[in-house]
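Below is one structure, written out as structure tokens; comments come after it.
The values are calculated or read from the model by the stated rules, or taken from the named source; none is laboratory data. These numbers were taken from a predicted model, which means no experiment stands behind them. Every residue, glycine as well, gets a Cβ built from its backbone with ideal geometry; the counts of neighbours run over all protein chains shown. Keep in mind that these areas ignore ligands, DNA and RNA; they rest on the heavy atoms of the full protein, side chains included. Shrake-Rupley method; radii C 1.70, N 1.55, O 1.52, S 1.80 Å.
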Amino acid sequence: ICCDSERLFGVAISGGDFRRCMQTSFQPDGVDMLAARGQMLLAARAAGVQCFDTVFTNLDDMEGFEAEVRQNKAMGFDGKSLINPKQIRFVHEVFAPTEKEVIQAEKIVRAIKENAEKGLGVFTVDGKRIYIAFLPGAERPLRLARACGMYEGDLV
């Protein structure tokens, strides 16, 4: 499905449909959706498209919503499907890169490019081992920061 059309830029999970088919119900810790979330993320990454988590329907449970959004970010999602404007600000805060992440990404992208010119594919940045294959991952926070209006640099 993720590779079905070149126009496809991303996919999203429908938690309600998945839970109904699996004969389960919402669980605050997210265990009811872990298998689907993981498989959807793998498929999206393999296809090179974005992946968005399902909506959080309990608008009175902001604590639960925030915990789920943080879990989504930790799992590797690109964002979250929303059903209410009051959810937007928090999702933006969680998924937008921090200033520290942008600075680190710039440092890594510069180091990768400089070392590639020297023919080096493995080196360290701030004591961490970096591989040239990390370039797309290092550029991602910069692309996100640009999309958020936080980055005007020239590395991406």
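Structure notes:
- Filtered by the rule that a residue be of a type in the set (Asp, Glu) and in contact with a helix residue (DSSP H, G or I) (Cβ under 7 Å, 6 or more places away or on another chain), the stretch 79-103 gives a lone residue, 101.
- The single condition among (1) open to solvent by 30 Å² or more (accessible area, probe 1.4 Å); (2) small (Gly, Ala, Ser); (3) closer than 25 Å to residue 131 by Cα; (4) in a helix (DSSP H, G or I) that residue 119 does not satisfy is (4).
- With respect to (1) touching a strand residue (DSSP E or B) at 6+ places or on another chain (Cβ under 8 Å); (2) closer than 23 Å to residue 4 by Cβ; (3) open to solvent by less than 60 Å² (accessible area, probe 1.4 Å); (4) of a type outside the set (A, V, I, L, M, F, W, C), the lone exception for residue 50 is condition (3).
- If you filter the stretch 11-26 down to residues that are assigned to a helix (DSSP H, G or I) and among the small types (Gly, Ala, Ser), you find that the one that is surrounded by the most Cβ atoms within 10 Å (Cβ to Cβ) is 15.
- Condition check for residue 8: under 23 Å from residue 140 (Cβ atoms), assigned to a helix (DSSP H, G or I) and either in contact (Cβ under 8 Å) with a residue 60 or more places away in the chain or open to solvent by 50 Å² or more (accessible area, probe 1.4 Å) (or both): no
- Residue check, residue 29 open to solvent by 50 Å² or more (accessible area, probe 1.4 Å), of a type in the set (D, E, K, R), assigned to a loop (DSSP other than H, G, I, E, B) and farther than 17 Å from residue 75 by Cβ: no
- The condition (being within 19 Å of residue 15 (Cβ to Cβ) and assigned to a helix (DSSP H, G or I)) is satisfied by just one residue among 87, 104: 87.
- Residues of the stretch 57-83 that are under 21 Å from residue 27 (Cβ atoms) and not in a helix (DSSP H, G or I): 57, 58, 59, 60, 61, 76, 77, 80, 81, 82, 83.
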